[in-house]
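The values are calculated or read from the model by the stated rules, or taken from the named source; none is laboratory data. Please read all numbers here as calculations on a predicted model, not as lab measurements. Positions of Cβ are generated from backbone atoms using ideal geometry, with glycine treated the same way; all protein chains shown enter the neighbour counts.
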Amino acid sequence: MAKILFVIGGGVFTMEPGEEVSKIDRFFIETIAMPKPKICFLPTASGDSPGYIQSFYDAFANFRCAPAHLSLFAPPTADLESFLLEHDAIYVGGGNTLCLLGVWSAWGLGPILRKAWEHGVVLGGVSAGAMCWYAEGLTDSIPGQFSRLPALGFLAGSFCPHYDSEPMRRPALHQYIRQRTLSDGIALDDGLALVYRSGELSSAVTVVPGARAYRVTGIADAVKETEIPTMPLAAR
């Protein structure tokens, strides 16, 4: 059984909603490969923002799926493992990655999510909801600075979202990797998603012309960006 992870650099239903952006969400559902998958949204990184949760339901109502959400600030049950394992996919929203991981740790969610992944539940997310799956990432969770943040480690290396839309991310990432403060890893522009199967990158898709994905590696005192080939998503 392939263990699937779907990571998005930025720009899905919560950002610039519309047909072009919704293609990535549709592709996420197609990746689950079920007639009407049950999808659980985790909005923890937004502080379980009601508006964010409603945006998820509004967007996914357009697809053939059964959407639900889990609020850790008002959980529906003490048995979070059973609740999550009854879904076919888990979609993690963006926001503050430091707070996301802190709340998840308090609830013991990391091991539960790993068990779900190992049992075939498709895991995915955008921005903070993408960074959380890697060993570490470059975050702006603390106002006014970028910093290294250890994460769950389902995927090796580091992750950086919003590579094209936030001008200070690229120089900050290069500095951290050059200084070996952050491990080599992946940087994604907005409107672009990667699909991993059993820890190996299997595809890269984009809905934004010119959006790019990179492997970013430190070589001596320099940093090298190697572009990952991407496939544009066609209209349905």
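Brief remarks on what is shown
- Flag if Val208 is of a type outside the set (S, T, N, Q) and assigned to a strand (DSSP E or B): no
- One residue from Leu72, Leu100 being at pLDDT 95 or above, out of contact with any strand residue (DSSP E or B) (no Cβ under 7 Å at 6 or more places or on another chain) and either under 20 Å from Leu192 (Cβ atoms) or buried (at least 22 other Cβ atoms within 10 Å of the Cβ) (or both): Leu100
- Strands (runs of 3 or more DSSP E) contained entirely in the range 102-176, each with at least 2 residues that are in contact with a Pro (Cβ under 6 Å, 6 or more places away or on another chain) and either of a type outside the set (Gly, Ala, Ser) or in contact (Cβ under 8 Å) with a residue 60 or more places away in the chain (or both): none
- Sole exception among (1) β-branched (Val, Ile, Thr); (2) part of a loop (DSSP other than H, G, I, E, B); (3) closer than 30 Å to Met34 by Cβ for Thr181, by number: (3)
- Of all residues assigned to the range 93-100, at least one qualifies as being of a type outside the set (D, E, K, R), free of Cβ contacts under 8 Å to residues at least 60 places away in the same chain and on the phi > 0 side of the Ramachandran plot.
- Near pairs, Cβ below 7 angstrom, 6+ apart or cross-chain, from the range 53-80 (within 22 Å of Gly95 (Cβ to Cβ)) to any residue that is assigned to a strand (DSSP E or B) and of a type in the set (Lys, Arg): Ala68/Lys38
- Residues of the range 33-69 that are surrounded by fewer than 20 Cβ atoms within 10 Å (Cβ to Cβ) and of a type in the set (A, V, I, L, M, F, W, C): Ala33, Met34, Ile53, Ala59, Ala61, Phe63, Ala66, Ala68.
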